[in-house]
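One structure is given below, encoded as structure tokens.
The values are calculated or read from the model by the stated rules, or taken from the named source; none is laboratory data. Keep in mind the model is a prediction, meaning the values are calculated, not measured. Here the Cβ is made from the backbone with ideal geometry for all residues, glycine too, and neighbour counts use every protein chain on show. Areas reflect the complete protein model, heavy atoms only, side chains present, ligands, DNA and RNA absent. Shrake-Rupley method; radii C 1.70, N 1.55, O 1.52, S 1.80 Å.
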Amino acid sequence: MFDLLRRVPYFSGLSDELLAALAAVAIERRYARGEMVFLEGDPCTALYVVARGEVKIFKVSPQGREQVLHQLGPGSTFNDVAALDGGPNPASVATTADATLLCIPRAELRRLAQAYPALAWALIESLAHRARHLVVMVEDLALRSVKARLAKLLLAEAEATAGQVELDRGQMVTQVEMAARLGTVREMVGRALRELADEGLISLDRHRIVIADRRKLAAVAEGM
């Protein structure tokens, strides 16, 4: 656990003593792919760290439409807000791959933050990063079209696969998952994919999405 906590960006500068104290109170939990970690509105119990696998943080509208707020991999933390203010979980979390999570109970987190000011500052930085991400998301939803948001997502996925421009749909996401991440519906994603293909920016077949013109796709992502 110590080595994993060292890999968390906001914990990397903490002392060995503090990391050892965090590791001593952390609880390891394992989840299968697609399993719920907790639901929005549940009482907060802990700060979570992704040790292995991937999770998605999401909200569901009264009509049942899902909006993915964040997808997180190893070394990421989540549920920071509820762990700090003691309120209910502000969103739901589920795994998108088999995952191992570390849970640091809120009471222990509070005790250690009071004893070690460096931990309190690290948590503040984590919250600031989360707020910055949400500001960007609001900007995208308010100011960018579905087509522009999709172009941005495709470019981000290419970066996540070592800069390759060939994206395997099976390894990436389905149109339903893309819609959840983009704040729209599957039909709109399908239409935007076809438009990008018709413009020669990507090519589609049954198994792949290939970025054909990265420069022009980046221009679409910026709304140009």
Unique residue being under 19 Å from the mean Cα position of the chain (by Cα) and open to solvent by 60 Å² or more (accessible area, probe 1.4 Å) when the list is Pro62, Pro88, Pro117, Pro74: Pro74
Going through Val49, Val68 one at a time, which residue ends up being touching a residue at least 24 places away in the same chain (Cβ under 8 Å), surrounded by 18 or more Cβ atoms within 10 Å (Cβ to Cβ) and farther than 24 Å from Leu153 by Cβ? Val49
What's the number of the condition Ala26 fails, among (1) under 18 Å from the mean Cα position of the chain (by Cα); (2) surrounded by 19 or more Cβ atoms within 10 Å (Cβ to Cβ); (3) not polar (S, T, N, Q)? (1)
Pick from segment 59-81 the residues that are of a type in the set (D, E, K, R) and touching a strand residue (DSSP E or B) at 6+ places or on another chain (Cβ under 9 Å): which of them is farthest from Ala107 (Cα to Cα)? Glu66
Would you kindly identify the strands (runs of 3 or more DSSP E) lying entirely within segment 1-87 that contain at least 1 residues that are of a type in the set (Asp, Glu) and out of contact with any Lys or Arg (no Cβ under 8 Å at 6 or more places or on another chain)? 27-31
Leading residue by the ranking (least open to solvent (accessible area, probe 1.4 Å)) among those in segment 196-211 that are assigned to a loop (DSSP other than H, G, I, E, B) and modelled with pLDDT of 85 or more: Leu201
Considering segment 43-74, residues that are touching a Pro at 6+ places or on another chain (Cβ under 7 Å) and among the small types (Gly, Ala, Ser), and then whichever is nearest to Leu134 (Cα to Cα), we arrive at Ala46
